[in-house]
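K.L.:
Structure provided below as structure tokens; questions to follow.
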Amino acid sequence: VQLQASGGGLVKAGGSLRLSCAASGRTFSSYLVSWFRQAPGKEREFVAHMTGGGTFTAYGESVKGRFTISRDNAKNTVYLQISDLIPEDTATYYCAATLNRRADLYSSHSYDFWGQGTQVTVSS
């Protein structure tokens, strides 16, 4: 599967964005998908996860209550609604996918497919 992330931009603190991750392939609903982010000089950080059917979600502690992951398998797209943004949310955001249902979903090493990243910059 190929992933294409989009929707990033420059936004003021308190603002919102919706990131999209469009996937190729007919079996996208079989993939577990997550969002990660990486700020300059920092390690890649888990942000959010959703199973193929959307029955289970998980969020990183720093984004709980502010970010929401969703997916539309008919459109082969996963979304990340990011709200109440703070400058610390500034990073490149990546979507990632795997077919491995036993994967450690919080680890970036578990994912086989990655989008190219979309930059989110939050000004104070």
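K.L.:
For the stretch 14-39, how many residues are among the charged types (D, E, K, R) and either surrounded by 14 or more Cβ atoms within 10 Å (Cβ to Cβ) or under 13 Å from the mean Cα position of the chain (by Cα) (or both)?
P.N.:
Count: 2.
K.L.:
Same structure again: Search the stretch 3-21 for residues that are closer than 13 Å to Arg66 by Cβ and pair each with any residue that is part of a loop (DSSP other than H, G, I, E, B) and polar (S, T, N, Q) when their beta-carbon atoms are under 9 Å apart and the residues are at least 6 apart or on different chains.
P.N.:
Cβ pairs passing all conditions: Ala13/Ser124; Gly14/Ser83; Gly15/Ser83; Ser16/Ser83; Leu17/Ser83.
K.L.:
Please report, ordered by residue number, the strands (runs of 3 or more DSSP E) entirely within the stretch 65-124 with at least 3 residues that are under 17 Å from Ala23 (Cβ atoms) and open to solvent by less than 40 Å² (accessible area, probe 1.4 Å).
P.N.:
By residue number, 77-82, 91-98.
K.L.:
Taking the conditions exactly as written (modelled with pLDDT of 95 or more and crowded, with 16+ Cβ neighbours inside 10 Å), does Glu45 satisfy them or not?
P.N.:
In short, yes.
K.L.:
Evaluate the following for Phe67: is it in contact with an Asp or Glu (Cβ under 7 Å, 6 or more places away or on another chain) and of a type in the set (Phe, Trp, Tyr)?
P.N.:
No; evaluated as a whole, the condition is false for this residue.
K.L.:
Another question about this same structure. Suppose the filter is touching a strand residue (DSSP E or B) at 6+ places or on another chain (Cβ under 7 Å), on the phi > 0 side of the Ramachandran plot and surrounded by fewer than 17 Cβ atoms within 10 Å (Cβ to Cβ); does Gly7 pass it?
P.N.:
Judged against the criteria, Gly7 is a match.
K.L.:
Since Gly54 meets every condition but one in (1) closer than 17 Å to Thr118 by Cα; (2) open to solvent by 20 Å² or more (accessible area, probe 1.4 Å); (3) in contact with a strand residue (DSSP E or B) (Cβ under 7 Å, 6 or more places away or on another chain), which condition does it not meet?
P.N.:
It fails just one condition, (1).
The values are calculated or read from the model by the stated rules, or taken from the named source; none is laboratory data. What you are looking at is a predicted structure, and each value in this text was computed from that prediction instead of being measured. Cβ: placed from backbone, ideal geometry, glycine included. Neighbour counts: every protein chain shown. Just the protein is used for accessible areas: all its heavy atoms, side chains included, with ligands, DNA and RNA removed. Shrake-Rupley method; radii C 1.70, N 1.55, O 1.52, S 1.80 Å.
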